[in-house]
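Asker: I have a structure I would like to understand better, so I am pasting it below and will then ask my questions one at a time.
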Amino acid sequence: MRANVKRSHQSDGELIEEKELMSQTNGAKKRPSMGDVARLAGVSSQTVSRVSNGEPNVTEEKRERVRAAMAELGYRPNSAARAMRRGAFNTIGVIYHSLHPVGNHRTLEAISEAAAAQGYATTLLPLDASSQTAANGAFTRLSEMTVDAAIVILPSHFIEDTRRTELPVGVPIVVLGPPLIDGATSLDFDNSVGTREAIEHFLSLGHQTVHHIAGPAESFSANSREQVWREVLQENSRRIPEPTRGDWSPNSGYLVTKELLERERPTALFVANDQMALGAQRALLEAGLTIPGNVSIIGFDNLDEAVAFPTPLSSVAQDWEVLGRDALDAALEEIGGGSARSFTIPTRLILRDSTGPAPSPGSASDL
């Protein structure tokens, strides 16, 4: 049976899709086409194309109707629809904004290795803009790509407004972070356990309170660690010092620690990541303070380099390799028909030389 294609305004890929779908034998089950979606939604095929491509010039009411029709029909655009007839794509998409953070890089490496071990390739979708619109655009593009599922490695503020987060139809999504998106699996570290262990360890060593160098205000992880730090001090009826805030970099840890030392002399310092803790160590040593004799310090991440710091760093460990492997397992589970769910990976305190008993009154640690 020859195809009779009449939609001249569609792209070549869409025309090919329509032709292939219309050329199926009478005995084969017909896959939903763009025209089917348009008829069900009561819009033009061009509107369906715009929604599929994430274009902004569609009213929200029409966009919702089109996405609902896609979901009802099980429609996936262009090459994805054709490939579905052949079976799985054996490809996992990964959406990310930056691989500069050590954790992101190691997580992606673990995802790629785990995927390869399962016979899957990995397709990367980098974002060059830090916005909700950019994230939505990446999600939309997934619908047109030959991927079986997608893993999202983005700062949580990209996707905090779930009302504006548009998930692709028919593509399982695993978000590495807090459970902010309905319908997507979420996987994150349990910041509370490791943070609590760190603060309680300081208190067990006789420190009267614990100062905190927090991460960026827009970071969910940084805010989670800061919240637990406050809770533990409050539960133990300890003074809660004003936290200082860095940007995750060693230089920011150095600068904010110098500022802290100008107004107050801590005996215990909990730092939201190891890189800022490295800068904090430098500032403390430049001030003539010893670690842990005058100031004890605990970081977060347990970087491999923590053992090589001027004073080997006690740190809360989070295993990015486990995060990556578990994310891939969760994606494969959904590909196999599993349901979306949320779960966490525990963290734990690793003790090294940077923590010790609180200095005695009148020592060099006092102002």
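The values are calculated or read from the model by the stated rules, or taken from the named source; none is laboratory data. None of these values were measured; they are calculated from a predicted model. Backbone-built Cβ (ideal geometry, glycine too); neighbour counts: all protein chains shown. Protein only, heavy atoms only, side chains kept; ligands, DNA and RNA dropped before computing areas. Shrake-Rupley method; radii C 1.70, N 1.55, O 1.52, S 1.80 Å.
Asker: Which count do you get for residues in region 91-128 that are crowded, with 18+ Cβ neighbours inside 10 Å and in a helix (DSSP H, G or I)?
Answerer: Counting residues in region 91-128 that are crowded, with 18+ Cβ neighbours inside 10 Å and in a helix (DSSP H, G or I) gives 10.
Asker: Being of a type outside the set (Lys, Arg), open to solvent by less than 20 Å² (accessible area, probe 1.4 Å), out of contact with any Phe, Trp or Tyr (no Cβ under 6 Å at 6 or more places or on another chain) and under 30 Å from Arg341 (Cβ atoms) narrows it down to one of Val175, Val256, so name that one.
Answerer: Matching residue, one of Val175, Val256: Val175.
Asker: Would you call Ser156 modelled with pLDDT under 90, among the hydroxyl-bearing types (Ser, Thr, Tyr), closer than 28 Å to Leu255 by Cβ and open to solvent by less than 50 Å² (accessible area, probe 1.4 Å)?
Answerer: Criteria met by Ser156.
Asker: Turning to a different aspect of this structure: With the condition kept exactly as written, say whether any residue in region 58-66 is at pLDDT 85 or above, within 30 Å of Ala117 (Cα to Cα), hydrophobic (A, V, I, L, M, F, W, C) and not in a loop (DSSP other than H, G, I, E, B).
Answerer: Among the residues of region 58-66, not one is at pLDDT 85 or above, within 30 Å of Ala117 (Cα to Cα), hydrophobic (A, V, I, L, M, F, W, C) and not in a loop (DSSP other than H, G, I, E, B), which makes the answer no.
Asker: Right, next: Hey, Gly299 hits all of (1) in a loop (DSSP other than H, G, I, E, B); (2) at negative phi but one; which does it fall short on?
Answerer: (1)
Asker: Could I ask something else about it? Out of all the residues in region 195-220, which are surrounded by fewer than 17 Cβ atoms within 10 Å (Cβ to Cβ) and out of contact with any helix residue (DSSP H, G or I) (no Cβ under 8 Å at 6 or more places or on another chain)?
Answerer: The answer is Ser204, Leu205, Gly206, Gln208.
Asker: Follow-up question, since we're still on this one. I need a count of the residues in region 97-107 that are under 12 Å from Leu323 (Cα atoms), touching a helix residue (DSSP H, G or I) at 6+ places or on another chain (Cβ under 7 Å) and not basic (Lys, Arg).
Answerer: The number of residues fulfilling the criteria is 2.
Asker: Check whether at least one residue in region 301-308 is surrounded by fewer than 19 Cβ atoms within 10 Å (Cβ to Cβ) and touching a residue at least 24 places away in the same chain (Cβ under 8 Å), and report yes or no.
Answerer: yes
Asker: Can Gly324 be described as modelled with pLDDT under 90 and either surrounded by 15 or more Cβ atoms within 10 Å (Cβ to Cβ) or not acidic (Asp, Glu) (or both)?
Answerer: Considered against the rule, which asks whether it is modelled with pLDDT under 90 and either surrounded by 15 or more Cβ atoms within 10 Å (Cβ to Cβ) or not acidic (Asp, Glu) (or both), Gly324 comes out as no.
Asker: Is region 228-242 home to any residue that is open to solvent by less than 60 Å² (accessible area, probe 1.4 Å), within 21 Å of the chain's Cα centre (by Cα), modelled with pLDDT of 95 or more and under 21 Å from Pro178 (Cα atoms)?
Answerer: yes
Asker: Spot the failing condition for Asn223; the list is (1) surrounded by 23 or more Cβ atoms within 10 Å (Cβ to Cβ); (2) at pLDDT 90 or above; (3) not charged (D, E, K, R), and only one is missed.
Answerer: All conditions are met except number (1).
Asker: Sticking with this structure for a sec: Among the candidates Ile335, Ile298, single out the residue that is touching a residue at least 24 places away in the same chain (Cβ under 8 Å) and buried (at least 24 other Cβ atoms within 10 Å of the Cβ).
Answerer: Ile298
Asker: Name the residues in region 334-359 that are in contact with a Pro (Cβ under 8 Å, 6 or more places away or on another chain) and aliphatic (A, V, I, L, M), would you?
Answerer: Within region 334-359, Ile335, Ala340 qualify.
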